[in-house]
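Below is one structure; the comments refer to it alone.
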Amino acid sequence: MVKSSDGPSLLGQHVPLPASPEEAELDRVPNPQADTDYLARFTAPEFTSLCPVTGQPDFAHLVIDYAPRKWLVESKSLKLYLGSFRNHGAFHEDCTVRIGRDLTKLLQPKFLRIGGYWYPRGGMPIDVFWQSGKPPAGLWLPDQGVPPYRGRG
């Protein structure tokens, strides 16, 4: 569940890992630099979910870039939200795009992109990319820093 609170409700609390993305809460906090175009990046190199067909674990390196407007995502809530996929069965494409859409809904950023660099299952890696639209003019968009698959890491 995407929660559009105007302040952190999980920060400073002992919170167990949510059992699913539907049970997870994403918190946002005010952006103190809302008058400036900049890029914030979150990297989750150990993201896991489950294959919806076999139930076997899938692993990915996620890179989330966004140009905030009024809101920032609170990082503890993001960690718990991403961790909630651990027991969630979904295809790579579904996980990656869902995360991007959930964050866009919560934050209403100027721009958001997510790269899901999935490790191979059955001998084939699947990389999934999604973005909310065009980045603001002049925004520095660095490379996401994940090499094409050759043992990735």
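First select every other residue whose beta carbon is under 10 angstrom from the beta carbon of residue 17; then total the charges, Lys and Arg +1, Asp and Glu -1.
On the way: positive: 79, 86; negative: 23.
Taking every Cβ under 10 Å from that of residue 17, the sum is +1.
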Pick out, in residue order, every one of the chymotrypsin sites (Phe, Trp or Tyr not before Pro) in the stretch 85-137 that is DSSP loop and has at most 16 other C-beta atoms within 10 Å; say none if there are none.
91
Yeah, the stretch 87-153 with a ≥ b ≥ c from its alpha-carbon gyration tensor (a/c under 1.5 is rounded, else prolate when a/b outruns b/c, oblate otherwise) is oblate
Okay, helix-only estimate at 222 nm for the chain: each DSSP H run of n ≥ 4 adds -39500 (n - 2.57), divide by all residues, round to 500 deg cm²/dmol; what do you get?
-5000 deg cm²/dmol
Positive-end residue, the chain charge dipole about Cα centroid, Cβ charges, pick of 107, 21, 135
135
Comparing 142, 21, 109 in a Gaussian network model of the chain (Cα, 10 Å), the one with the largest mean-square fluctuation is 142
Among [x] 52, 33, 21; [y] 64, 36, 26; [z] 47, 38, 22, the entry that matches Cα extents along the principal axes in Å as calculated here:
[z]
For the chain, modelled as a Gaussian network with Cα springs under 10 Å, which listed residue fluctuates most, 15, 29, 73?
15
Residues meeting the amide H criterion for residue 58 (H placed from the backbone, H to H distance under 5 Å, 5 or more places apart or on another chain) are 49, 50, 51
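Across the chain, how many lysine pairs, 8 or more positions apart or on different chains, have C-alpha atoms separated by under 15 Å? Please give the number.
Working: 3/76; 3/79; 3/105; 70/105; 70/110; 110/134.
The result is 6.
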Between the stretch 5-67 and the stretch 114-131, what is the separation of their alpha carbon centroids in Å?
18
Under 10 Å, Cα contacts only: if you run a Gaussian network model on the chain, which one of 90, 67, 137 comes out with the highest mean-square fluctuation?
137
Given Cα pairs under 8 Å that are at least 6 residues apart, what percent is the relative contact order of the stretch 1-143?
26
So, with points 7 Å from each Cα along the Cβ direction, the residue 94-residue 35 label distance in nm works out to 4.6
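With charges only on Cβ, +1 for K and R and -1 for D and E, what is the dipole size of the chain about its Cα centre, in debye, rounded to 20?
Numbers: 17 positive and 16 negative charges, 40 e Å.
That gives a dipole near 200 debye.
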Using θ = phi - 60° and the Karplus form 6.51 cos²θ - 1.76 cosθ + 1.60, what ³J(HN,Hα) does each residue of the stretch 84-95 get, whole Hz, x for Gly and Pro?
5, 6, 3, 10, 9, x, 6, 5, 3, 4, 5, 4
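Work out, step by step, the length gained on full extension between residue 105 and residue 15: first 0.36 nm times the residue separation, then minus their alpha carbon distance; give nm to one decimal. Let's see the in-between values first.
Values: separation 90, 0.36 × 90 = 32.40 nm, distance 2.32 nm.
Difference between extended and current length: 30.1 nm.
Values in this text are rule-based calculations from the coordinates and carry no lab data. None of the values given here were measured: they were computed from a predicted structure. We place every Cβ from the backbone using ideal geometry, glycine too, and count neighbours over all the protein chains shown.
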